[in-house]
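Notes to accompany the following structure.
Here, each number is a calculation from the coordinates, and none is a lab measurement. Just so it is clear, the structure is predicted and the values come from calculations on it, not from any experiment. We place every Cβ from the backbone using ideal geometry, glycine too, and count neighbours over all the protein chains shown.
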Amino acid sequence: MISDLFTPMVIIGILASGIRLATPYLYATIGETFGQLSGVLNLGVDGIMLMGAFSGFYVTYMTDNYWLGLLAAILTGALMGLMMAFISVTLKSEQGISGIGLYLFGLGLSDLLFQVSLGTVKTVSGFPPIDIPILSDIPVIGPIFFQQNLLVYGAYLMVPIATFILNKTTWGLKIKSVGQNPAAADALGVSVTAVRYATVTLGGIFSGVAGASLSIALLNVFQQNLTSGMGFIAVALVYFGGWRPIGMLWGSLLFSSVNALQLWVQTLGLPIPSDFATMMPYVLTILALIFAVRKVSVPAALTKIFERGEG
């Protein structure tokens, strides 16, 4: 019955799952924000997440050490971020097409490596939940917020850190200036190429961690197309959040909570078609993007190729 959704156990379960499931979106959106604010759109986020998820899982599976798995995901994300930076900044290729190419590369390579190295779905012991003393014992709130694993806590910690970097540091000012008016930034001595390389690579690292958060912290498995398009949702959430980390936090929580709701709907066997339940999060995201009332200021140089000497 529908009323089963409103029991205390289910409500706490949905909220706790929503907090946890927002983790990969937060990492990926925050990383993508740095790149977009500098003027580079990376549609290859999902491919980087898949490669980060595989490399993190495989190293964890082989070594039984999830810290080494996380390091592998970070290095993989950095390499793929550098690849995107080289293609879009140095070669000055069209960013949308380049990003889709990177996504297909990550999708195909992760599938190939999975088939060759593992063959079947396996499990690992990933990052365990960490109960924060005293806070985890608070009724209702404790299980929701303070009984998560380290990568979940890290994702939420990155929101104020990213906000501070972008708004209160010289590097943040350089990123925004390059994304708004690269010619003016270049005239003031800011290296547009260096800033874009740094931000796109950083975005790749965050996407790699986002993938690893799925394979060695939330699900502890790897399978073909594990992300199921999460990277593309992350790109959409950047727009939804108005290129502000706090806005992306609310967008990620909105999407993940509805996703958790549909999982509970299926778990409880409620009389709602499974296909409808599965598409709920995506429909909500589309509606949120369409009907968001606030105006967002798109970085003026986003997707625009910079040629030194051009106004």
Least to most buried among Val59, Val235 (fewest other Cβ within 10 Å first): Val235, Val59
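Shape of segment 126-231 from its Cα gyration tensor (a ≥ b ≥ c, root eigenvalues): rounded if a/c is under 1.5, otherwise prolate when a/b > b/c, or oblate?
oblate
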If I fit a long axis through the Cα atoms of helix 170-180 and take the longest principal axis of the Cα atoms of the chain, what angle between them do I get, 0 to 90°, rounded to 10? 80 degrees
Computed over segment 56-109: relative contact order in percent, which uses C-alpha pairs under 8 Å that are six or more apart: 20 percent
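Considering Cα pairs under 8 angstrom that are at least six residues apart, work out the relative contact order of the chain and quote it in whole percent.
Details: 577 pairs, mean separation 112.5, N = 311.
Result for the chain is 36 percent.
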Tilt relative to the chain, helix 274-291 - C-alpha long axis, 0 to 90 degrees, to 10: 40 degrees
Cβ density ranking, 10 Å radius, fewest first, applied to Arg308, Arg196 yields Arg308, Arg196
Treating the beta-carbon of each Lys and Arg as +1 and of each Asp and Glu as -1, no other charges, what is the dipole magnitude of the chain about its Cα centre, to the nearest 20 debye? 720 debye
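Ranking request for peptides 66-75, 84-93: highest mean number of other beta-carbon atoms within 10 Å first, then the rest in descending order.
66-75, 84-93
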Length added when fully stretched, Ile130-Val298, from 0.36 nm per residue minus Cα-Cα: 56.6 nm
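May I ask for the percentage of alpha-carbon pairs in the chain that lie more than 24 Å from each other?
Tail of the P(r) past 24 Å holds 54 percent of the pairs.
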Gain in length, Phe276 to Ile305, computed as 0.36 nm per residue apart minus the alpha-carbon separation, to one decimal in nm? 6.3 nm
Restricting things to alpha carbons, tell me how big segment 33-78 is in terms of Rg and Dmax, in Å. 12.6, 40
Average projection area in nm² (convex hull over Cα atoms of segment 182-268, one quarter of hull surface): 7.6 nm²
Longest principal axis of the chain (C-alpha) makes with the long axis of helix 245-268 (C-alpha) an angle, in degrees to the nearest 10, of 30 degrees
Filtered pair list for the chain (Lys only, Cα < 23 Å, 8 or more apart or interchain) has a length of 9
Between Ile12 and Ser228, take the C-beta separation as r, use R0 = 25 Å, and let me know the FRET efficiency to the nearest 0.05. 0.45
Value at 222 nm in deg cm²/dmol, rounded to 500, when DSSP H runs of n ≥ 4 in the chain each add -39,500 (n - 2.57): -22000 deg cm²/dmol
Site Ser117, offset 7 angstrom along Cα→Cβ, radius 18 Å on amide nitrogen, limited to segment 190-219, gives 205, 207-219
Overall Cα dimensions of segment 20-165, principal axis frame, Å, largest first: 54, 41, 21
